[in-house]
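Would you mind keeping the following structure in view while I ask a few things?
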Amino acid sequence: MLPRRFKGGEGRNRPALSETPRRAKLPKLAVSSAGMFILGLLSALDGVWGFNIYAEHPTVYRGPDGSYFGYSVDFYQASSDSNTINVLVGAPKANTSQPGIVEAGAVYYCPWPGLPDSCRQIPFDNSNNRMIKVNGTREPLEFKSHQWFGASVRTHKGKVVACAPLYHWRTVKLSGEKDPVGTCYVAVQNFSAYAEYSPCRTNDPDPEGQGFCQAGFSVDFTKVKSTAVSPPAQFSKCQVMTAGIAEILNGYSLKAVLRRVPGEKHTRAAEDTHDDSYLGYSVAVGEFTGDSEQELIAGVPRGAQNFGYVRKSYHIEFTVEYTQAPSFSVLQMASYFGYSVAVTDLNGDGTDDVLVGAPLYMEREMESKPREVGRVYLYLQTAPLTFTKPVALTGTLVFGRFGTAIAPLGDINQDGYNDVAVGCPFGGEERGGRVLIFNGNRDVSTQGLTLSQELRAARTPRGGLPGFGFTLRGGQDLDNNQYPDLIVGAFGSGEVSVYRSRAVVSVEAEMILTPRILNPDDRQYLRAELQLDWLKGTRGSVKRVSFLDTQQPQRTGILTLGHNRPRACRRYTIYLKDDEFRDKLTPISLALNYSLAPPSHGQDLPPVLNHYSSTFLQEHAYILLDCGDDNVCIPDLQLSATMDRSELVIGDDNLVLLTITAANRGEGAYETELHTLIPPEADYIGVNRLCFTGNRPKLNCEYKMVNESRMVVCDLGNPMVAGTEVSCDTQNSNKDNSDSNPVSLNLSIVAVAQLNLRGVSHPSQVVLPFPRWEPKEKPVKEDDVGPQVTHIYELHNSGPSSIQQAELQVGWPAHFRDENLLYAMEIQTDGLISCRTNTSLNPLGLQISSLQDTPELLGFLRNTSAPHQRHKRVCDVCFRSASLSAVVKVRSRLWARTFLQRHNDPYILNSTVSFMVTTMPYRLQPSALPQHTTSMGTLVLWGTPDVSFAVPLWVIILAILLGLLVLAMLTLAMWKCGFFDRARPPADDNVSDQEQLTSDHTGDA
């Protein structure tokens, strides 16, 4: 059986061009059939996917389903005198009219132009199998069923060769063994004469013979001697055979089954070590020795231990044997290097270059994940038998089998360099297949081939793989428009597509401006071929010039060119607008963009502009500036700035006034602007508009967002003339020295917090002893201990910065030796605060009384936040903003028994309190954090002195009685002396006073 690899056999064999490449002269704006150009701002041409192969409406031929119609293709010209070229298509699994033969395969003749179903079979062979008598029984001598006739088809100057590589021959008559020797048929004189050529049919049953020759696996013609090269895939012994067309036809007879053709040549059988290397898997002919005689190259995809190589043999007579060293090779095993070969001149140096396909090449982006993308290697001939290192064309579609087919196209765009098509039959969407067109150029060795177009199947059939691009053939001009066309086979869908090449128009355009420098004061006009201030259009700015007649900045026109009018010229007048624009420095860019006019009705193959020629032309005009003879302004912008403060305090208002001075010491500065970048931490308030320059009373400033940055932009003049000074980073649009010196102002950021600590004792003093009160030996309630003493501490943040955490420590006079002093009952806080202590509160578990704070105590408290505690009494405080306070209140009982044991001795019970700021909520911490310590005390006093005796009651009563007796005796003595009988002397005005008083009372009544 034929190996599975055979499915890529045909379509890989691409002959060289049939004639010497032509170097076409580029037309200068001159066309005949399509000579209309649209000038103006038009959309650009399509990308590399739409050059001059007309992909919109190919001619499509269809064959029988399952026949593999399109497995091989070629152009057919009945004679060199005929101007008609048609298409031949091989269908190796098609059924024919041969009696008793199943899927013999066929070659179809498809007229061009033609309908999809217009193809007809060519009757190369209408007979059944030849028969032979063995022991009186007629048995087949050959086996034509499933022979894959049409797997390879080649034509040249009216001659056609079609082969059936799986044709089987009965090598041993008695046992009936058969081998795939392969056979080919030659047709001439417009298919009026046929001859069979099967060089491997023999009576030799030896396994070392040519039993598995598969002649016709690949086939090609020489271009000089019209000699058919029918190199079989001699998988066993690796040979290539040749025979002349005339010799095959002369003396041909159906009865001459084992005929040897005169002049037949073949390479010597290779050594056993070369078995199954597949010499002849692909073949092509070219000239590589400089003697004008063509040589043969053959692909050996499984040679060199499956690395593959391509063998070239000098002269068609094979004077150099196959056993010579390999000609071309690469270093990737199983890439099937040599699967396809082609010969053409791609760099225009007059020598044939070689292309070799390796469709199973793997690209290794990562060692563990190779990608099978395929590759084509290009070897450029620099001298006889000398080639450059390969230039690689690597596929991009995984499992697309890029390089399965390689077809020289001739010069399809008439640029003087031949082009080539490469098939990728299983790439693209749904693996429908792609064909890639590469254009040759002079610098192929350094720049590689240029991908200009990608073709894809017109439709993707459901089920199966169409294999579009499995077979390619080019280099012939079907429609006689001087541009070669392309045939693409898709055997999986049974279709063949014929693509025509469109005429390529190369245009030389010129734009002339008069004058080039415009004076805004003179109101000059500008004459141009076509005008467009196109740079301003792309920026969305105001366009500075317009056409005089239309008042518009763009224009579209049509120029009709032809052989009688190869050159056309248009003149337009444009004018410079009034001061509607600010930009006076940027050149006025006038652009010409041209394209071909839409095709006229009925024009089925419209021309296309040269893809490699620019369709865009640009010239510049300039505005006259007051900048000297060279019309180039070079300003000298100087900038300085100061601030009214050197640091900012976090939390404060921090008003900052910037004083900026900008001056121009050089020539005029156009579109001059002052840019002040405001940091994101600052808020913009405004600009002092009393700033002035020599000619401008005030500034025009605008606050804006630029790339998410806040900026104040002030207009300093257009132009900012020399000698101007602004006392308020400047920027202008001049090309030279356009920026001033940048000035950066730095402010120190500091955190400052002023904390105040104060405390109070309630009551401030305690007087002992208490009347009618005695301390209990075993107190139960807190009242049994002594009077209540409360110490209150307040920590207040006066700001302006915040405090993240502060520590407040209270030292409490709880004990003296083993005696209690101030017995702490509880700690109360006001605000978000929590405290802790290293000793337990109220360790005796005394009952708590519900005492209320006095009004004086309540008035001391403020709005507070939270402290925490450490050591004896430690609290952590957090001031998240300024003007907050934290209050801690320690309520206790004076342990009276301790003091009553020490009569008449005064005491002061001091508590010490301190704070220390540990952190502030800023990345910038002050060098020294605030801290302070203070103390407050409670006085313990005695009400009476300590005496050792008491006054008896009878003494008190006796003293009272004696006092009363002394008083009575004193009163009696004064009475005896007449003290109580004294009279006042009379006064004269008593009566009048009385009367006056009486009179007053009467009046009031």
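The values are calculated or read from the model by the stated rules, or taken from the named source; none is laboratory data. As the structure is a computational prediction, the values presented were derived from the model and not from experiment. With ideal geometry, Cβ positions are generated from the backbone for all residues, glycine too; neighbour counts draw on all protein chains shown. The protein model used for the area step is the full one, side chains on, heavy atoms only, and it has no ligands, DNA or RNA in it. Shrake-Rupley method; radii C 1.70, N 1.55, O 1.52, S 1.80 Å.
Using the Karplus equation 6.51 cos²θ - 1.76 cosθ + 1.60 (θ = phi - 60°), what ³J(HN,Hα) coupling, rounded to whole Hz, does each residue of segment 426-438 give in order, writing x for Gly and Pro?
Calculated HN-Hα couplings, in order: 10, x, x, 4, 6, 6, x, x, 9, 10, 10, 9, 10 Hz.
Please sort 926-932, 429-435, 482-488, 503-509 by packing, taking for each peptide the average over its residues of neighbouring beta carbons within 10 angstrom, highest first.
Result, highest mean first: 482-488, 429-435, 503-509, 926-932.
With charges only on Cβ, +1 for K and R and -1 for D and E, what is the dipole size of segment 63-268 about its Cα centre, in debye, rounded to 20?
460
OK, next. Show me the chymotrypsin sites (Phe, Trp or Tyr not before Pro) within segment 573-648 that DSSP assigns to loop and that have at most 16 other Cβ atoms within 10 Å of their Cβ. Don't skip to the answer; put the middle values down first.
Values: sites: Tyr575, Phe581, Tyr594, Tyr612, Phe616, Tyr622; in loops: Phe581, Tyr612.
Answer by residue number: Tyr612.
Can you list the residues, at least 5 places off or on another chain, whose amide H is less than 5 Å from the amide H of Ile517, using H built in the peptide plane?
Distant-sequence amide H within range of Ile517: Tyr622.
Please report the net charge: other residues with Cβ closer than 10 Å to the Cβ of Gln98, K and R +1, D and E -1.
Working: positive: Lys144; negative: Asp125.
Every neighbour counted, the sum reads 0.
If you take all C-alpha pairs in segment 799-845, what percent of them are over 15 Å apart?
Working: 636 of 1081 pairs.
I get 59 percent for the Cα pairs in segment 799-845 exceeding 15 Å.
Counting pairs of Cα atoms in segment 63-268, how many percent are more than 33 Å apart? Provide the component values of the computation, followed by the final result.
Details: 2566 of 21115 pairs.
Considering segment 63-268, 12 percent of its Cα-Cα pairs are separated by more than 33 Å.
Okay, moving on. Under 11 Å from the Cβ of Ser127, count the other residues' Cβ atoms, weight Lys and Arg +1, Asp and Glu -1, and hand me the total. Please list the in-between numbers first.
Details: positive: Arg130, Lys144; negative: Asp125, Glu142, Glu196.
After counting each charged neighbour, the total is -1.
Let me ask you something else. How much net charge surrounds Pro199 when only the other residues with a Cβ under 9 Å from the Cβ of Pro199 are counted, with Lys and Arg +1 and Asp and Glu -1? Before the final figure, lay out the partial values.
Values: positive: Arg201, Arg260; negative: Glu264.
Around Pro199, the surrounding residues sum to +1.
Within 10 Å, count the other beta carbons around each residue, average over each peptide in 102-110, 179-187, and list them highest first. List each step's numbers first, then the result.
Values: 102-110: 23.4, 179-187: 25.8.
Order by mean packing, descending: 179-187, 102-110.
Can I ask one more? Of Trp773, Trp895, which has the most accessible area and how do the rest follow, probe 1.4 Å? Could you put the intermediate results ahead of the total?
Details: Trp773 65, Trp895 40 Å².
Ranked list, largest accessible area first: Trp773, Trp895.
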